[in-house]
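One structure is given below, encoded as structure tokens.
Every number in this text was worked out from the coordinates using simple rules, so none of it is lab data. Bear in mind that the values here come from a model prediction, so they are computed numbers and not experimental data. With ideal geometry, Cβ positions are generated from the backbone for all residues, glycine too; neighbour counts draw on all protein chains shown.
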Amino acid sequence: MRNREVAQVFDDIADLLEIKGEMIYRILSYRRAAEGIRSLGRDIREVWKEHALREISGVGEAIEAKIDELMRTKKLEFFEGLRKEIPAGLIDVLHVGDVGPKRAARFWRELDITTVPALEKAARGGRLRELSGMGAKSEARILQNIEAMKRRERGRISIGVALPIAEQLVARLKQLPGVEAVEAAGSLRRWRETVGDLDLLAASDAPGEVLQAFTSFPEVERVLGRGETKASVDLHSGLKAQLWVHPPARFGTALQYATGSQAHNVHLRELAQNRGLSLSEHGFKDSVGREILCPDEVKVYATLGLPWIPPELREDRDEIAAAAAGRLPRLVEESQIRGEFHAHTQWTDGASTLQEMAEAARQAGLEYLVITDHTQGLGMVNGLTPERLREQRRELDQVQARLGDSLRLLHGAEVEILADGSLDFDDRTLASLDLVAASIHTSLRQPREKITARLLAAIRNPHVDMIGHPTGRLVLGREAADLEVGPILEAAADHGVALEINAHPERLDLKDVHARQAWATGCLLAINCDAHKPEDFALRRYGVGVARRGWLPAEAVLNTRGVDQILTWLHGRG
DNA sequence: GCCGTTTTCGGCCCGACTGTTTTCAGTCG
């Protein structure tokens, strides 16, 4: 079983225990363990073989034994027992908005509802309001939430969709009178790869007016609720958005709170308690009720004796301990990116000419651009043969001549790693290139041993400088190839082969925890836009977000180097 | 069920909002 599947088992266990009415802290333990497994930069199967499961955050004696059982037998007696006791469809019912464990249990026990369709039918039939404590309004809300669930499919959307929508709302809020500051907080500010809903925060001393204006925005489809300090709405785009409004003097704690993550916040509040303080979005309070107000986040963390922690690190993945020990990394910034290693043109599946892509890269402020079109093995995109590659080289030289010193073009290729691990060009052709990036696009479902060996063969090929989108995953689509990540990272480090962080929001591959593990293993990383058209150079920020979530400093990221250093690096690789 | 520079047992964050309520339970973040 893979990390995601194991984590899912423990999340399901937590859901089932909640419906059962189990003690909340036992439930939280399963959720913490699930999160710890998801945050793991390594394959849990490798960790299991090393008998190191207890080192995973949130895994103790009992959960270690359960993982061991899962690994050995692919089953878990305890889980099977729970599923016999509680209908599995209730897990989906629990994920309907405004339905929590208490209501799910009552729907089941009192109305014999065990699936979302059954719940929908009962709501339409007016049967939910028969329950004590439920009325027509609750019934209508639940029905609306089921509708919303259908529209949004899996609940979360790509950051590439969410961020532009949020930016538009932020711009609109900033124009309102009496608004002193606006931030998109939540998982968006942490640059998570998917976003459940938008969390917006405004600083103002007139919250009522701001909330009134917000709920009247043209993007708003309907208002879900509006109180004195917060409102939540459904947007026409299908996203849910909520806005908190706090006075400027309290903006620091409010922003910190709204940014999360929840686990990070809980941890901070525990720290506050240790200092005899209570922390909420409104500020700190000491034991006699005296307040400490924080207009900015720096003061929030300083009050706890910590340096400010960048939002991208706030996942309760050891960042608080690192901050306390002065071990926080100095994270790479978008402004430090100086070049691009991955771009396509009309020679294969790009939308623009080489000249147009070069021009766009120059305008994006880049010092160098490596053209890396596909190779012949990828027939459907008209991959380059060695001859067409040589023709492309001539065009590249001509464009370079026109550009002069304003941008340095390098000739590379995104070479197919074939199903047997060999590359799609002969050695002489590979040697003629300035940079060889190797990628897997086909046969992604090969068994673990085979596809791992395939990637290892590519890494060990002396011509290969970089591996493109190493795991082949798509953020909301395709599962990563079944790779043994540990050995691959070690081989890349050994051979000095850089690993791509593909910045396209549909890929984001490597992902954050793998990027972190890669740098810890000694690999270099490259943040690449995989540009297929001029606008794609703007995708870089998503890749930088992943890199920062992966704790990467600038020195871990190859594109922070200038063109001379890159040429030296390539030359050193032969 | 996890965890320990105050603890190996007894803790484990804090508040807003809604709906159905005469004081609060449930859900959410």
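So which residues in segment A:46-91 are assigned to a helix (DSSP H, G or I), among the small types (Gly, Ala, Ser) and away from DNA strand B (no atom under 11 Å from the Cβ), if there are any at all?
Residues of segment A:46-91 assigned to a helix (DSSP H, G or I): A:46-49, A:53-55, A:61-73, A:77-85, A:90-91.
Filter again for among the small types (Gly, Ala, Ser), leaving A:62, A:65, A:81.
Passing the criteria: only A:Gly81.
Identify all residues within segment A:243-279 that are in a helix (DSSP H, G or I) and aromatic (Phe, Trp, Tyr); write none if there are none.
Residues of segment A:243-279 that are in a helix (DSSP H, G or I), as a first pass: A:248-259, A:262-274.
Within segment A:243-279, A:Phe251, A:Tyr257 qualify.
Any residue at all in segment A:62-71 that is among the basic types (Lys, Arg) and out of contact with any Phe, Trp or Tyr (no Cβ under 7 Å at 6 or more places or on another chain)?
Initial filter on segment A:62-71 (among the basic types (Lys, Arg)): A:66.
Cutting the leftovers down to out of contact with any Phe, Trp or Tyr (no Cβ under 7 Å at 6 or more places or on another chain) gives us none.
No: segment A:62-71 contains no residue that is among the basic types (Lys, Arg) and out of contact with any Phe, Trp or Tyr (no Cβ under 7 Å at 6 or more places or on another chain).
If a residue has to be more than 13 Å from DNA strand B (Cβ to nearest atom) and assigned to a strand (DSSP E or B) to count, how many in segment A:190-200 make the cut?
First, the residues of segment A:190-200 that are more than 13 Å from DNA strand B (Cβ to nearest atom): A:191, A:193-194.
Subset that is assigned to a strand (DSSP E or B): A:194.
Within segment A:190-200, residues that are more than 13 Å from DNA strand B (Cβ to nearest atom) and assigned to a strand (DSSP E or B) number 1.
Given the residues A:Tyr257, A:Tyr301, which is the only one that is touching an Asp or Glu at 6+ places or on another chain (Cβ under 7 Å) and buried (at least 17 other Cβ atoms within 10 Å of the Cβ)? Spell out the reasoning first.
Numbers: A:Tyr301 fails: touching an Asp or Glu at 6+ places or on another chain (Cβ under 7 Å).
Residue meeting the stated conditions: A:Tyr257.
With the checklist (1) free of Cβ contacts under 8 Å to residues at least 40 places away in the same chain; (2) in contact with a helix residue (DSSP H, G or I) (Cβ under 7 Å, 6 or more places away or on another chain) in hand, flag the one item A:Leu28 doesn't pass.
(2)
Any idea how many residues of segment A:373-409 are touching a Gly at 6+ places or on another chain (Cβ under 9 Å) and part of a strand (DSSP E or B)?
4
Out of all the residues in segment A:201-242, which are aliphatic (A, V, I, L, M), away from DNA strand B (no atom under 12 Å from the Cβ) and in a strand (DSSP E or B)?
A:Ala202, A:Ala203, A:Val220, A:Leu235
Within segment A:97-127, how many residues are in a helix (DSSP H, G or I) and either near DNA strand B (Cβ under 8 Å from one of its atoms) or under 23 Å from A:Leu17 (Cα atoms) (or both)? First the steps, then the outcome.
First, the residues of segment A:97-127 that are in a helix (DSSP H, G or I): A:101-111, A:116-124.
Subset that is either near DNA strand B (Cβ under 8 Å from one of its atoms) or under 23 Å from A:Leu17 (Cα atoms) (or both): A:101-111, A:116-119.
Number satisfying all stated conditions: 15.
Quickly run through segment A:317-337 and pick out the residues that are of a type outside the set (A, V, I, L, M), surrounded by fewer than 18 Cβ atoms within 10 Å (Cβ to Cβ) and either touching a residue at least 60 places away in the same chain (Cβ under 8 Å) or outside any helix (DSSP H, G or I) (or both). Can you show your working first?
Applying the first criterion (of a type outside the set (A, V, I, L, M)) to segment A:317-337 yields A:317-319, A:326-327, A:329-330, A:333-336.
Retained after the next criterion (residues that are surrounded by fewer than 18 Cβ atoms within 10 Å (Cβ to Cβ)): A:318, A:326-327, A:330, A:333-336.
Result: A:Asp318, A:Gly326, A:Arg327, A:Arg330, A:Glu333, A:Glu334, A:Gln336.
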